[in-house]
Amino acid sequence: MMYLIRRFILLIITILLVSIITFGVFQILPGDPIRTMLGTEADATQIENLRSELGLDRPLYEQYADWMKGLLTGDLGNSIRFSMPVKDLLFDRLPVTMSLAGLTLCMVLIVSIPLGMFAARRQNKLSDVSLSTVTQIGMAVPSFWLGMMLILYVGMKFDFFKISGYIPWTQSVTGALSTLVLPALTIAIPQIAVNFRYVRTAVLEQIQLDYVRTIRSKGMSEQNVMYKHVLKNSMIPILTVFGLIMAEVVAGTIIVEQVFSLPGVGQLLITAISNRDFPLVQGIVMYITVAVVAINFIVDILYSVLDPRIRLR
Amino acid sequence: MEPINTQQVLLEVSNLKIQFQLKNGKQAKVVDDVSFSIHKGETVALVGESGSGKSITSLAIMRLLPIPPGEITAGTIHFNGNNLLDYKNKEMSHIRGNDISMVFQEPMTSLDPVFTIGNQLMESIRRHRKVSKKEAREKAIHLLQEVGIANADKMIAEYPHQLSGGMRQRVMIAIAMANNPQLLIADEPTTALDVTVQAQILNLMMKMKKEHRSAILFITHDMSVVAETADRVMVMYAGQIVEEAPVRELFLNPQHPYTTALLKTMPSLDTDVERLPSIPGIVPPAYALPDGCRFAPRCQFAMEQCQTLQPEVLTVNEAHKVRCHLFSGKEERAYAEEGSLT
Ligand SMILES: Nc1ncnc2c1ncn2[C@@H]1O[C@H](COP(=O)(O)OP(=O)(O)OP(=O)(O)O)[C@@H](O)[C@H]1O
Ligand code: SF4
Ligand SMILES: [Mg+2]
């Protein structure tokens, strides 16, 4: 229990730090949201008026405290560019990005874990060596290129896939899949390659340990050895990289939403940055931070579920 | 319970040869031409210094050798008349943990850290017996009580890291005994434990053996343990069995210089335990064995022929065998004396 409480405090601190950093960075960055909004024709009084209307003329710490207060009540302020609550904009886009990230994650887990175990059991045989070579290539491929190749050679060839736009799950499941599978694949392929290698290494490390020999000496079946004992033990080191992979997936959505014109949070972020829409950027960055930190918290909980040695500490 | 026929051969290892392919390209003859048998219900000790091939021999019987780098190049291992080396992996898995089971040298690492004691004990029972979860649980609790674990019904939910080394070895023994094996291989089961716990575990093993009517292949390098427990002793050196005899015979009438040296390393009442004599020299590595007798570099009786000619296994009497040129010399002398009498 202490372990989880400590983790939770760490989580709060991380979120706080990130909020301060993003706040600070935006003060340093060149460009002025007011000028961007009003254009070059605007006169000084107009600019001053809008500035005080948006509260941007107050001292920094006051702006930050204000923003924090809003955050705690669930109010992320208003977007300058869209003149809408940031919260509404986010909630509009979130389902797209969450679906994309979720589908990607499923692909990564479903493919990389069995593949990694398979390769480990055939260590140094042809199938293992070829898998390692293929994944080496898979890791090096840049995702915008991969996305374009998938559009060209899969999206354009098969009518099923839509290569731009989004259809919500609530409207049609196959519709949603037709818009999400290719972008998800684009993010998933390099991550599958990375995770495959971690799984393979973790399994190889486990199968030479003493306890595996004991299980064999009990006459347990090969399935029991691999999919009960070795898999559960390997999941502990794999979980460590799982948090990193999730962060990569969340980051991956930003680029891939551009390539596939998906109206997700990533696309919103790009718009927000190019318009110097500070409240919107701050809101989105907070969303990404909370998502990544929450994932890591879940990983920590999973750790203590998987590994009885952690529970006592 | 019908009595077990101790005349009946349970395990027969014949001319077993095991090689390892080393990383530097060399071949290591780790087990070379090893033959022995174990009768039903018998306790046989296998003794020898570190690296002599004891664990590798026992792993070969369990068919748990790492292949590659290991390879069984010759020989047979008959168990109840069937050659285990002919079995497919799946067939062998029904023998392991059921008819033959094993307790390992390293109690601290031999259990799966992420499953409970009960889970690991019950899966072993349910693998070989058609019993319900509830019955398996009861059996598991009973076994844990049998190996002297108090409040077994609580212990069943504990994880290995919550137990001491001695406790873990008790659990290992419970697992090994779960299905009343005909043969238990105990590979230095007490070496890694505190001296105070060693005797307890040893007594426990002997008690379990008696109650479950199993034969034991007991691997150790401790001669005093041998004296206390074994019916018969096999002495192993550099991959070969160099002497084999009933325990009394071996202690009273050792023939091989290595056996004699081993017996001298035994603590007795009047020697200082701190200053036990050890055998001078080291075991030759398995990839660079001497041409002649493998013990020759360390043997104080080594003769000329010992450097070039490998001694064969010779019969001292029906139950006593030795692999040494000294004995063939004695044999000739005995013949000569017989001849002069007539
Ligand atoms: N995986 C392996 N690869 C190469 N050589 C090995 C391997 N395993 C064992 N050996 C060699 O086989 C020989 C016999 O090893 P074994 O473990 O059977 O000795 P032992 O008699 O059980 O010794 P100990 O008393 O230390 O347990 C040793 O020389 C060892 O170096
Ligand atoms: S054969 Fe020769 S060297 Fe080997 S143990 Fe006997 S006497 Fe010693
Ligand atoms: Mg050993």
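Here, each number is a calculation from the coordinates, and none is a lab measurement. Just so we're clear, the structure is a prediction, and the values are computed from it rather than from any experiment. Cβ atoms come from the backbone with ideal geometry, glycine included; neighbour counts cover every protein chain shown.
Of note:
- Tail weight of P(r) past 16 Å, computed on alpha-carbon pairs of region A:140-186, percent: 35
- Label zone at residue A:306, where the point sits 7 Å out along the Cα-to-Cβ direction: region A:244-269 residues whose backbone N lies under 14 Å: A:244-246
- This model, with +1 at the C-beta of Lys and Arg and -1 at the C-beta of Asp and Glu, gives the protein assembly as shown a dipole about its Cα centre of some 1100 debye.
- Rounded to the nearest 20 debye, the dipole size of region B:20-59 about its Cα centre is 200 debye, using +1 on the Cβ of Lys and Arg and -1 on the Cβ of Asp and Glu.
- Antiparallel %, DSSP beta bridges [both residues in the protein assembly as shown], to 5: 60
- Dipole size of region B:108-180 about its Cα centre, with +1 on Lys/Arg Cβ and -1 on Asp/Glu Cβ: approximately 260 debye, rounded to the nearest 20.
- Against the rule of thumb 2.2 N^0.38 Å, how large the Cα Rg of region A:141-241 comes out: 1.57
- Zone residues, region A:197-232, relative to residue B:162, backbone N less than 14 Å from point 7 Å out along Cα-to-Cβ: none
- Degrees between helix B:195-212 axis and first principal axis of chain B (Cα, 0 to 90, nearest 10): 80
- D_trans [Stokes-Einstein, Kirkwood Rh over alpha-carbon pairs] for chain A, 37 °C, 0.692 mPa s, µm² s⁻¹: 147
- Both radii come from the Cα set of region B:43-83: Rg as radius of gyration, Rh as Kirkwood radius; their ratio Rg/Rh reads 0.99.
- Segment residue B:138-residue B:228, length gained on full extension (0.36 nm per residue, minus Cα span): 29.1 nm
- Descending semi-axes in whole angstrom, ellipsoid equivalent of region A:228-305, from the Cα gyration tensor: 32, 14, 7
- Farthest positive-ward along the protein assembly as shown dipole, Cα basis, beta-carbon charges - from B:186, A:115, A:9: A:115
- The calculated FRET efficiency for residue B:87 paired with residue A:82, based on their beta-carbon distance and R0 = 60 Å, is about 0.25.
- Note on chain B: Rg/Rh from C-alpha atoms, Kirkwood Rh, equals 1.00.
- Mean residue ellipticity, 222 nm, helices only, chain B: the sum of -39500 (n - 2.57) across DSSP H runs of n ≥ 4, divided by residue count and rounded to 500, is -10500 deg cm²/dmol.
- Dipole of the protein assembly as shown [Lys/Arg +1, Asp/Glu -1 at C-beta], most positive-end residue of A:280, B:141, A:158: A:158
- In this rough spin-label picture, where each label sits 7 Å from Cα along the Cβ direction, the residue B:8-residue A:167 distance is 7.2 nm.
- By the compact-protein rule of thumb, 2.2 N^0.38 Å, the alpha-carbon radius of gyration of region B:64-115 corresponds to a ratio of 1.39.
- For chain A: relative contact order, % (alpha-carbon pairs under 8 angstrom, 6 or more apart): 28
- Given charges at Cβ of Lys, Arg, Asp, Glu: chain B dipole, positive-most of B:169, B:283, B:122: B:122
- Note that region B:108-180 shows a convex hull volume over its alpha carbon atoms of 76 Å³ per residue.
- Too-long pairs where the Cα-Cα distance tops 18 Å, listed order kept, from B:90/B:210; B:40/B:210; B:17/B:54; A:218/B:88; A:218/B:90: B:90/B:210
- The spacing between region B:278-322 and region A:82-107, judged by their C-alpha centroids, is 78 Å.
- Shielding score for A:130-138, defined as the mean number of other chain Cβ atoms within 10 Å: 0
- Lysines with Cα under 17 Å of residue A:162, excluding same-chain neighbours fewer than 8 positions away: none
- Placing pseudo-labels 7 Å out from each Cα toward the beta carbon at residue A:139 and residue A:10 gives an inter-label distance of 2.5 nm.
- Note on the protein assembly as shown: Kirkwood radius taken over Cα pairs, Stokes-Einstein applied at 4 °C and 1.567 mPa s, translational D equal to 42 µm² s⁻¹.
- Sorted from greatest to least, the principal axis extents spanned by the alpha carbons of region B:130-230 come out as 43, 30, 17 Å.
- Among the trypsin sites (Lys or Arg not before Pro) within region A:120-203, those in coil by DSSP and having at most 15 neighbouring Cβ atoms inside 10 Å are A:122, A:125, A:157.
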